[in-house]
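What follows is a short report on a single structure.
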Amino acid sequence: MSDQTWFLYVVECADASLYTGITTDLNRRIDEHNRLSRGAKYTRSRRPVRLIYSKRFSDRSAASSAEAKFKRLTRRKKLEVISEDR
């Protein structure tokens, strides 16, 4: 078992679209989305991105499961979840 913390994160792209992912290092990942080719293909053409939500998980499995559930939500519901957690 790993002691690593995982994060579900949501960024808002320059075109106001949302992108959801998981990572162990939020700062590094946002930097990758904004500057490097390792950023997701989706966000590369929609820079800059801005972190609007993150949630901590104790393992990758839990973060992946939460990501899959979150991605199935409508945009409206995603924004509600983000707003409620603030």
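Overview of results
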item	result
Region 6-85: Rg to Rh, with Rh as the Kirkwood radius over Cα pairs	0.94
Helix-derived mean residue ellipticity, 222 nm - over the chain, DSSP H n ≥ 4, -39500 (n - 2.57), to 500	-12500 deg cm²/dmol
Stretch gain in nm, segment ALA14-LEU79, where the contour uses 0.36 nm per residue and the Cα spacing is subtracted	21.8 nm
Point-to-point label distance, GLN4-LYS41, nm (Cα→Cβ direction, 7 Å offset)	2.4 nm
Label zone at LYS71 (point 7 Å along Cα-to-Cβ), backbone N below 15 Å, region 16-52	18-23, 40-43
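Read-outs: derived from the displayed coordinates by stated rules, not from any lab. The structure displayed is predicted, hence computed values, not measured ones. Ideal geometry is used to build each Cβ from the backbone, glycine not excepted, and the neighbour counts take in all protein chains shown.
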